[in-house]
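Asks: Have a look at the structure that comes next, please.
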Ligand code: AMP
Ligand code: ZN
């Protein structure tokens with residue numbers, strides 16, 4: 001399925017330009033137009049689905065394997081020191097394009113990116129309460 005108003009569907013269809021760097025049966029990868037660091041790549045599913053919660057499991061598998069493939073190339077060919085995989089699911093989680101994608105972000109020693117949270121000791125009871133809500137099927 002494709003969405004005629006979706007930027008990523010248009011890129012996949014060749015209707016919008018993009019720097020495509022990898023393709024397989026289920027995914028396409030291209031460079032982000034507003035890169036966090038040099039080589040910032042987006043792995044998108046060929047199928048238009050909004051987000052992590054709606055993506056088909058086989059497509060999700062293909063997207064994570066493609067992300068691993070890109071991470072390896074990013075380290076080898078761009079000389080990155082590390083890689084972050086980022087997925088934003090929902091507007092509250094910073095998602096702006098509602099076609100499932102994984103950001104593959106090269107990391108370089110001394111680059112300006114920072115963790116988006118401040119690590120600090122949590123409340124043990126509250127952690128246990130969250131665990132109780134989340135545990136199980
Ligand atoms: P997110 O905010 O997680 O939904 O990620 C969407 C990403 O798509 C952002 O990092 C944008 O910079 C990127 N983006 C938007 N339009 C384009 C485009 N035409 N080509 C490449 N990347 C794009
Ligand atoms: Zn789409």
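Asks: Once the convex hull of the alpha carbons of the range 81-137 is built, what does its volume come to per residue, in cubic angstrom? Mind dumping the intermediate values first?
Replies: On the way: hull volume 9.1 nm³, N = 57.
Looking at the range 81-137, the number lands at 160 Å³ per residue.
Asks: Now for a different question. Order these by the 10 Å Cβ neighbour count, fewest first: 127, 102. Don't jump to the answer; show the numbers that get you there.
Replies: Details: 127 10, 102 23.
Ascending number of Cβ neighbours within 10 Å: 127, 102.
Asks: Something else now. 222 nm [θ] for the chain, helices only, -39500 (n - 2.57) per DSSP H run of 4+, per residue, to 500?
Replies: Details: 3 runs with 39 residues, N = 137.
Calculated from helices alone, the mean residue ellipticity at 222 nm is -9000 deg cm²/dmol.
Asks: Tell me, in nm to one decimal, what length is gained between residue 117 and residue 85 on full extension, where the rule is 0.36 nm per residue of separation less the Cα-Cα distance? Provide the component values of the computation, followed by the final result.
Replies: Values: separation 32, 0.36 × 32 = 11.52 nm, distance 1.60 nm.
Using 0.36 nm per residue and subtracting the Cα-Cα distance, I get 9.9 nm.
Asks: Between residue 76 and residue 13, what length comes free when the chain is fully extended (0.36 nm per residue of separation minus the Cα-Cα distance, one decimal in nm)? It would help to have the intermediate numbers written out before the result.
Replies: On the way: separation 63, 0.36 × 63 = 22.68 nm, distance 2.94 nm.
The residue 76-residue 13 span can extend by a further 19.7 nm.
Asks: Between residue 93 and residue 25, 0.36 nm times their residue separation minus their Cα-Cα distance comes to what? Intermediate results must be reported in sequence, preceding the final value.
Replies: Numbers: separation 68, 0.36 × 68 = 24.48 nm, distance 2.83 nm.
Stretched out fully, the residue 93 to residue 25 stretch lengthens by 21.7 nm.
Asks: Please compute the Cα-Cα pair-distance distribution of the chain with 5 Å bins starting at 0, giving whole percents from short to long.
Replies: 2, 9, 17, 19, 18, 14, 10, 7, 4, 1, 0
None of the figures in this text is laboratory data; all of them are computed from the coordinates on show. Please read these numbers as outputs of a predicted model, since none were measured by experiment. When we count neighbours, we look across all protein chains shown, and the Cβ atoms used for this are built from the backbone with ideal geometry, even at glycine.
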